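Here the structure is laid out as structure tokens; the discussion comes afterwards.
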Amino acid sequence: MAPVCSMTTFGATTVLGPILGIETSCDETAAAVLDGTGHVLSNIISSQQAVHERFGGVVPELASRAHIQNVDHVTRRALDNARLGWQDLTAIAVTQGPGLAGALLVGLSYAKSIAYALGIPLVGVSHLEGHIASAWIDRPAFPRNCVVLIASGGHTHLFHADESGGFRLMGRTIDDAAGEAFDKGAQMLGLGYPGGPLIDAAARKGRPTVVRFPRSRVRTGALDFSFSGLKTALLYHLQTLTPNAIAEQQADLAACYQEAIVDVLVRQAFAAVERAGVSALAVVGGVSANSRLRAKLTERATQEGIELGLPALSYCTDNAAMIAAAGQRALLLGQVTALDGEALPDCVLPSAAPGGATGRRR
């Protein structure tokens, strides 16, 4: 069973000052500062794309080394941009999991040392809860009772979020995440890495109806996702084409492949909204930056009278502002993490533990 990301309750905090967020769960080293009202004062991201692109994906050991080299510099830049010093901080939030073990250890160890040296609370944050929190950074009045779709390179989850801050798992991928499907599809199409932005760009020049790729249905009535069959369908289709034909049809193939992923995400998200009986949908994570997904979500939400929450593009991919925002909310609920807290590469949200819709763990 996967461990649960959890914190110790020490008594609610009603007055907060600046909070530092640190994110090192995968291949971005990020730091951000929020003021006591949740306003973003700075949000610095150092990408490792140049480190990993020649491998076609993230190499965990290289990611950890890059975090070690960058975390202090990125954090100091965040403080400088916020025009604050170490002594102005009142708390520090850091991604505790899920993610790459070595990468998480870098950020968590660094955050612990700052919290200990300054004598301020440490809040270990679930990366998933960070993505969820991104929906409210620019829209604090967005309904708390809503369905949240997290779609990223490592996660595709549907949660029902409630007013109290709880989350009920409604569905998740049973194999590949949506972002992973984009990355693998881009590789097969010869577009490169990272796949999401490259397929999005290529698809804008293509026709999404030329090839009808399959839209997965896990089982009748389920809100889970599956993208492995779609990847296989693309592979088999490409095997019928010559290299020259693939190059000539690259934009059309990208558009058709993207359309299949987007259709499934939109279908399942709005099915979850109906099942939960809510009138608001937030879509977060790196895949939420996809222009076709944003357009189709907006169109469907308008048709059905659903309030749609899409983070600004700067808060879609991994960033530290979302970690600080989630940490700030945890502090308001009186939750902190002990300085001997461990990195939890496979942790789940407390209410996504056994008892959720699927009960499965990856």
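The values are calculated or read from the model by the stated rules, or taken from the named source; none is laboratory data. Please read all numbers here as calculations on a predicted model, not as lab measurements. As a convention, Cβ positions derive from the backbone with ideal geometry for all residues, glycine included, and neighbour counts pool all protein chains shown. For accessibility, only protein heavy atoms count, side chains too; no ligands or nucleic acids. Shrake-Rupley method; radii C 1.70, N 1.55, O 1.52, S 1.80 Å.
A straight chain from residue 304 to residue 342 at 0.36 nm per residue would run longer than the Cα-Cα distance by 9.3 nm.
In this structure, residue 218 and residue 77 have a Cβ-Cβ separation that, at R0 = 51 Å, corresponds to a calculated FRET efficiency of about 0.70. Relative to the current alpha-carbon distance between residue 101 and residue 210, full extension at 0.36 nm per residue lengthens the span by 35.0 nm.
Would you mind telling me the share, in percent, of accessible area of the chain contributed by carbon and sulfur at probe 1.4 angstrom? Roughly 52 percent of what the probe reaches on the chain is carbon or sulfur. Based on the convex hull around the alpha carbon atoms, the stretch 60-167 presents an average projected area of 8.0 nm². Considering only 243, 208, 194, the Gaussian network model of the chain with Cα springs below 10 Å gives its largest mean-square fluctuation to 243. The length gained by stretching the chain between residue 139 and residue 109 to full extension, at 0.36 nm per residue less their Cα-Cα distance, is 7.6 nm.
With axes computed from alpha carbons, what is the tilt in degrees of helix 321-332 against the longest principal axis of the chain, rounded to the nearest 10 within 0 to 90? Approximately 50 degrees, to the nearest 10. DSSP assigns beta bridges within the stretch 86-223; of those with both partners inside it, close to 70 percent run antiparallel.
DSSP assigns beta bridges within the chain; of those with both partners inside it, close to 60 percent run antiparallel.
A simple packing score, the average count of other Cβ atoms within 10 Å per residue, orders the peptides 122-132, 281-291, 251-261 as 122-132, 281-291, 251-261, with the highest score first. Under the simplified labelling scheme, the residue 54-residue 118 pair shows an inter-label distance of 3.7 nm, with each label point 7 Å from Cα along Cα→Cβ.
For residue 205, the lysines whose Cα comes closer than 23 Å to its Cα, not counting residues fewer than 8 places off in the same chain, are 184, 231, 296.
Here the 3J(HN,Hα) profile of the stretch 58-73, calculated from phi with Karplus coefficients 6.51, -1.76 and 1.60 at θ = phi - 60°, is 7, 9, x, 5, 5, 4, 4, 4, 5, 5, 4, 6, 9, 4, 5, 4 Hz, Gly and Pro shown as x. Once the Cα atoms of helix 178-188 and of the chain are each reduced to a long axis, what angle between those two axes, in degrees from 0 to 90 to the nearest 10, is obtained? Value to nearest ten degrees: 50. Think of a 1.4 Å ball rolled over the protein heavy atoms: the chain then has 42 Å² of accessible area per residue. Distances between placed amide hydrogens fall under 5 Å for residue 307 paired with 280, 281, all partners being 5 or more residues away or on another chain.
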